[in-house]
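Notes for the one structure printed next.
The values are calculated or read from the model by the stated rules, or taken from the named source; none is laboratory data. The structure displayed is predicted, hence computed values, not measured ones. Note that each Cβ is placed from the backbone with ideal geometry, even for glycine, and that neighbours are counted across all protein chains shown. Surface accessibility is based on the protein's heavy atoms, side chains included, excluding ligands, DNA and RNA. Shrake-Rupley method; radii C 1.70, N 1.55, O 1.52, S 1.80 Å.
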Amino acid sequence: MPESAPADSLWTDAPRAAARRRWRLRAPRLGIGWRLGLGLTAVAALLVGGEQMAARTTREALDAVVSMQKEQPLTDSASAVLEKMLAYDRTVGEYAQAPSSAGLGAITLSGDAVEAALADYLHDSPPPSLAQAAEGLHAQITRHITVARELATRAAQRAQWAEERQAALNRVYQRIAGAGGSGLAINGTQVVANRSLAELQSAINAVRGSDASGAVLARRERDFTAALGAHSQELESSPGRAWLDLVQRDFSQAGRLRLQMERYDTQSAPEWHQLFEESAALTAGVQNELQKPANRGLLHAAQHAATAAAGAEQTLRSTAAAVLVLLLIVSVLLAVSISLPVRRLTAATRAFASGDRAARARRGGSAELDQLAESFNTMADQIASAEGELRAHQAKLERHVAERTRQLHHLAHHDPLTQLPNRRKLMAQLEQALTRAGNRQRLALLFVDLDNFKSINDTLGHNFGDRVLQHIAQRLHEAAGSAGLLARLGGDEFTVLLEGVTSNEQVEQYAAQLVTTLQQPLTVDGRAITTGASVGASLFPDHAADAEGLLRAADVALFRAKELGRNRFTLYSPELYDAAAQRFRMEQSLRRAVEGGELQLMYQPLIALHSFEPGHVEALLRWRRPDGRCTTAQEFIGIAERTGLIHELTDWILHTAAAAAATWRRQGWHNASVGVNVSAPQLFEGSFVDHVARTLEVTGLPPSALELEITETVFQTGAATIESLRRLRALGVMIALDDFGIGYSSLTSLEQLPITRVKLDRQLVAAVDTNPRSAAIVRSIVALCHGLGLQVVAEGVERPAQLEFLTHCGPIGVQGFLVAQPVDASDAAAEAQAGAARIRAALADMVQTGHLEAADSLVFVGTSARRRAN
């Protein structure tokens with residue numbers, strides 16, 4: 001009803017609309033299923049009638065196809081007989097052109113194929129007339145094949161005679177040529193040595209020609225026989241009677257074979273001609289009597305099948321057209337009875353969705369659509385009721401969102417563990433403080449880092465470590481008071497911002513107070529914990545003019561405090577930044593060196609004084625800079641450990657050194673072994689032992705040929721590294737304690753570490769020839785190691801006097817520039833042999849000059865014994 005209709009018309013139409021609705025509710029409605037069922041029933045009835053008609057014509061077509069299928073095998077068999085017969089004719093013709101043993105087998109196989117094809121044809125049950133013709137052809141073809149085989153056998157015999165004749169003539173030719181028939185070459189000129197042999201050579205060459213007729217060959221044979229008889233007396237004397245008999249025998253055999261071949265050619269030519277004529281006749285008979293009748297039967301059956309198929313196709317076409325017309329009618333009726341109610345429902349839905357909450361759907365149509373309209377109207381009533389409740393909930397939700405937004409803002413700018421300002425909040429407040437300071441005030445930024453906090457997490461757990469951090473934050477807050485702004489950057493790192501600073505001394509005094517405060521014991525969960533902290537500080541505007549610069553300068557100062565031993569305070573200075581920048585540049589250069597392959601290994605041999613055995617070398621890492629300068633590992637190994645590059649470096653060194661030692665052993669240096677330095681961080685990894693095992697497996701190096709060198713700092717790292725060393729020893733790898741004698745736990749490490757060799761530090765060996773105290777210490781350490789069953793190596797041997805002293809210390813190895821220089825892997829074996837020779841020569845000189853008594857030197861005993869043996 002339009003909105004512009006008068007009010008009285010609304011009262012007039014309302015009763016009529018209500019009556020129509022009551023009539024529609026009382027009237028039975030058919031559902032969509034019933035409507036579709038009626039339409040499909042009509043279609044099905046039409047399909048059944050059409051199916052009956054199509055079935056009759058289809059059966060006729062199928063009968064015709066079956067008849068055609070029965071004729072098809074007979075036609076195929078006849079075609080196969082004709083095909084095999086033609087193939088047999090080709091095989092016989094090819095054999096007649098070039099007889100051979102392989103061709104004879106092909107004729108046999110082709111004949112068998114023809115007979116098998118005929119047998120298959122008879123097996124397909126042809127009509128009596130065709131069967132009788134096939135049996136007659138079978139007898140003729142069998143006889144024909146038998147004759148062809150006989151002619152082929154004789155032709156093969158003729159080919160064999162030709163080969164034997166040619167072989168006999170070749171033997172005659174070889175004997176004449178061997179006796180001098182071809183003449184001799186004197187000074188580059190061909191000279192005939194014997195006229196009779198030359199004539200025989202010419203005559204036999206004429207006979208060997210294969211392009212002459214029988215009469216010509218007979219005349220040439222007579223010429224050869226005449227020449228042989230004319231010179232028989234001369235030939236009996238030279239080349240001899242036996243030679244003449246052999247020539248006459250072979251030539252006579254060739255003549256007899258030629259006569260047999262001529263007789264064969266005379267007899268077989270008519271027979272081959274007759275055979276080819278019979279073959280053509282038989283082929284024509286197969287085609288006329290077998291193939292053509294079969295093709296006619298197949299053609300008749302195909303025509304009948306085509307006619308029946310056309311009738312069936314016409315019946316199906318008519319039925320399909322009728323079904324399509326009926327389907328179109330049913331579809332139109334269904335569309336009218338369904339689409340109109342759906343359109344009304346869609347229009348009501350759009351109006352409701354656009355905001356018209358009074359819009360309702362008109363009922364009508366199929367039962368399902370009528371129920372859908374009723375459900376829509378009910379849903380519209382419920383939605384209108386729910387909207388009021390939703391507005392009330394929305395207001396409450398907005399209040400919760402505002403509260404949550406405030407909480408998220410707090411979390412975004414504060415640390416959730418300690419509730420202190422985080423890095424973002426710190427940077428914002430630092431920027432504001434810098435703005436307030438301007439050019440008239442100074443401020444300080446302190447960077448606080450707890451010392452060895454990782455050990456608390458590792459031993460007592462991260463939850464306990466979090467509670468420790470909360471207590472530390474509370475203590476820092478109390479120490480900072482209202483003068484400083486405290487923040488947590490992350491982990492165990494805190495910052496304190498001081499405004500209104502007047503002097504460096506004030507900052508130092510404040511930082512010292514923080515260090516002292518954090519040294520006081522804490523009680524956490526009933527457990528007393530002692531902590532310490534390192535503090536680095538930077539000042540504005542002395543050290544930086546912006547927030548990032550102040551934070552970076554304070555971090556540099558903190559790093560310096562850590563380097564100086566921790567638990568102290570350091571104020572930033574430009575020198576500290578230069579050192580940090582130098583470390584950064586070194587780190588970046590080292591990373592590029594690892595990626596660019598600038599690192600290389602040098603190998604310094606070790607010589608045993610008691611045996612002069614050059615079996616062990618130490619792998620030394622070198623960095624070949626782009627400018628040509630060579631850097632030793634001591635200059636950059638610390639940076640590699642701090643940055644984590646030590647793991648990648650150690651893996652590369654281990655694999656390279658193991659591969660080099662395996663190569664030396666394959667090249668003949670059978671007792672070669674290599675030592676590799678391993679840092680403490682590498683042993684922390686649980687997979688390091690497995691990596692060593694895989695390296696040995698890949699390179700093929702025995703475990704006993706690899707020695708890992710560690711320092712006494714490994715002993716300080718805990719039980720995990722000791723366990724890794726024990727697993728390496730169980731694997732068979734040797735362990736050496738390097739730089740022994742300058743650490744803090746030397747004697748304890750000898751007893752507890754699973755080592756096999758001790759390497760005395762060069763500082764101990766440096767003064768053994770000038771300082772009696774050093775000599776006594778070295779002598780005692782060597783005796784102690786020998787008592788524990790450990791091998792001993794003296795590093796840094798550079799003077800003969802040091803070598804003279806070490807010869808009195810028992811079995812010991814020496815290493816240093818006096819012994820051998822670090823060299824490339826390709827020169828290591830030669831340098832080891834040269835080092836042994838240098839030591840032997842140096843000790844011999846000491847004996848001769850009286851500096852070394854032969855009776856007191858184990859080395860000299862071995863040396864003199866070898867000299868007497870030589």
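For Ile529, the residues 5 or more places off, or on other chains, whose built amide H falls under 5 Å of its own are Leu522, Thr523, Val524. Between Arg219 and Asp824, the simple spin-label model (points 7 angstrom out along Cα→Cβ) gives 8.6 nm.
Shape descriptor for region 811-850: Rg over Rh equals 1.05 (Cα atoms; Rh from the Kirkwood inverse mean 1/r).
The eigenvalues of the Cα gyration tensor, multiplied by 5 and square-rooted, give region 429-584 an equivalent ellipsoid with semi-axes of 27, 18, 13 Å from largest to smallest. In terms of packing, defined here as the mean over residues of other Cβ atoms within 10 angstrom, the peptides 792-804, 532-544, 265-277, 156-168 line up highest first as 532-544, 792-804, 156-168, 265-277. Distant-in-sequence amide contacts of Ala361, defined by a placed amide H-H separation under 5 Å and a gap of 5 or more residues or a different chain, comprise Asn377. Taking a ≥ b ≥ c as the square roots of the Cα gyration tensor eigenvalues, region 694-827 comes out oblate, since a/c reaches at least 1.5 and a/b does not exceed b/c. Packing-based ranking of 389-396, 369-376 yields 369-376, 389-396, ordered from highest to lowest mean Cβ neighbour count within 10 Å. For region 352-453, the Kirkwood estimate of the hydrodynamic radius, built from every pair of different alpha carbons, is 20.2 Å.
With only the Cα atoms considered, region 434-502 has a convex hull volume of 86 Å³ per residue. Using a probe radius of 1.4 Å on heavy atoms only, what accessible surface per residue do you get for region 763-851? Whole Å² is fine. It amounts to 45 Å² per residue over region 763-851. With only the Cα atoms considered, region 726-796 has a convex hull volume of 81 Å³ per residue.
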